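Q: Let me give you the structure first, and then I'll get to my questions.
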Amino acid sequence: MSMILLVALLAGLLAGIVLALLQKHVWQVPSLRFLWLVVIGFLPQAVIFYLPPTHSGIPDQVVGSSLIFSQVVLLVFCWFNRRVAGIWILACGLVLNLMVIAANSGFMPISPQTASHVVPATVLAKYQIGSRFGTGKDILLLAENTRLVWLSDQFLPPAWFPYQVAFSLGDILIAAGAFWLMLTQGKPLRSAK
Amino acid sequence: MQTKLAQLSIFVSKFDRRYLQLAFVLLALVMLVLGAGAPEDGGRGMCR
């Protein structure tokens, strides 16, 4: 699970509610159009990455193509909602992730060195270079064989942090956009009525 | 079947529409960030 992204969304929601209360405003549901595009866009990923009965056994080529299709649909949603605060930051992150994923056969690259911080060495040894890393979106690639390596999952939290996760520049922008979107939904009470 | 649909409709109508809207928007935003992002924490399909 992409815990860091969900935490950013939840933190933005809580911060937005607290900020609205402090300013004696009311927190409002973000006004987003074409929400059904998100459902359409996420559906392939739900089947491929999140549903246990279906997330294994699908050919890698189908997985890669589906991920690109899915993210393009989500990008279209962002375009329709580009005037909503935070969405454009999130969209920038999505574009960066989409670029590196499209440049690497439809998967997010992760180097063995970075992956070694996320899983034990015994688990990492089971994966070959060039193969999918588990059943997620990542593919194990040497940095020198990765296109747009600076956009890959190359960042890690400090070693002392109990939750180790590899993330990309795009992920940082997506988390920031989600946080900002939720934070800025406090509206004056008068205009909310 | 129609009776069940009617019962479901009555059940749903008892909720405040704003809460349903909030729940749907939050669900959509969860799907958006999960779909857009690609962090790796070794939690999916890793045989530890």
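Q: I need the helices of chain A that pass two filters: whole DSSP H segments spanning 27 Å or more by Cα along the axis, and mean Kyte-Doolittle score no lower than -0.5.
A: Both cut-offs are met by A:3-22, A:60-80.
Q: May I pose another question? Towards the positive end of the charge dipole of chain A, with charges on Cβ (+1 Lys, Arg; -1 Asp, Glu), say which of A:Val100, A:Trp88, A:Gln154 has the farthest Cα.
A: After comparing all options, I get A:Trp88.
Q: Relative contact order (percent) for region A:3-192, with alpha-carbon contacts under 8 angstrom and 6 or more residues of separation?
A: Values: 297 pairs, mean separation 64.7, N = 190.
RCO, region A:3-192: 34 percent.
Q: Within 10 Å of each Cβ in peptide A:29-41, how many partner chain Cβ atoms are there on average? Round it to a whole number, please.
A: 4
Q: Work out the mean other chain Cβ neighbour count within 10 Å for the residues of A:132-138 and drop it here as an integer. Each step should come with its number before you reach the end.
A: Details: counts 1, 5, 8, 3, 9, 6, 5.
Mean number of neighbouring Cβ atoms from other chains: 5.
Q: Counting only the backbone N, which residues of region B:16-40 are under 19 Å from the spot 7 Å out from the Cα of A:Ala11 toward its beta-carbon?
A: Counting only backbone N, you get B:29-40.
Q: Hey, another quick one. State the answer as a single residue: which of A:Ser168, A:Leu32, A:Val118 lies farthest towards the positive end of the charge dipole of region A:3-192, with beta carbon charges of +1 for Lys and Arg and -1 for Asp and Glu, about the Cα centre.
A: Going by the charge dipole, the pick is A:Leu32.
Q: Could you state the principal axis extents of the C-alpha atoms in region A:11-70, from the largest down, to the nearest angstrom?
A: Rounded to whole Å, the extents work out to 53, 23, 16 Å.
Q: Percent of alpha carbon pairs in region A:3-192 separated by more than 31 Å? Mind showing how you got there, number by number?
A: Values: 4187 of 17955 pairs.
Above the 31 Å cut-off, region A:3-192 has 23 percent of its Cα pairs.
Q: Can you show me the helix-derived [θ] at 222 nm for the protein assembly as shown, built from DSSP H runs with n ≥ 4 at -39,500 (n - 2.57) apiece and divided by the number of residues, rounded to the nearest 500. Intermediate values should be presented prior to the final figure.
A: Working: 10 runs with 127 residues, N = 241.
Result for the protein assembly as shown: -16500 deg cm²/dmol, rounded to the nearest 500.
Q: Here is a further query. Count the net charge of all other residues whose Cβ sits under 12 Å from the Cβ of A:Thr146, scoring Lys and Arg as +1 and Asp and Glu as -1.
A: Taking every Cβ under 12 Å from that of A:Thr146, the sum is -2.
Q: Right, another one. Report the charge-dipole magnitude of the protein assembly as shown in Debye, nearest 20, computed about the Cα centre from +1 at each Lys and Arg Cβ and -1 at each Asp and Glu Cβ.
A: 1100
Q: Would you please give the residues with an amide H less than 5 Å from that of A:Val26, counting only those at least 5 places away or on a separate chain, with H modeled from the backbone geometry?
A: Counting only residues 5 or more places away or on other chains, the set is A:Lys187, A:Leu189.
A short reminder: the numbers here are calculations on the coordinates, not readings from a lab. Given the structure is predicted, the values throughout are model-derived calculations rather than measurements. All Cβ positions, even for glycine, are placed from backbone atoms using ideal geometry, and neighbour counts span all protein chains on display.
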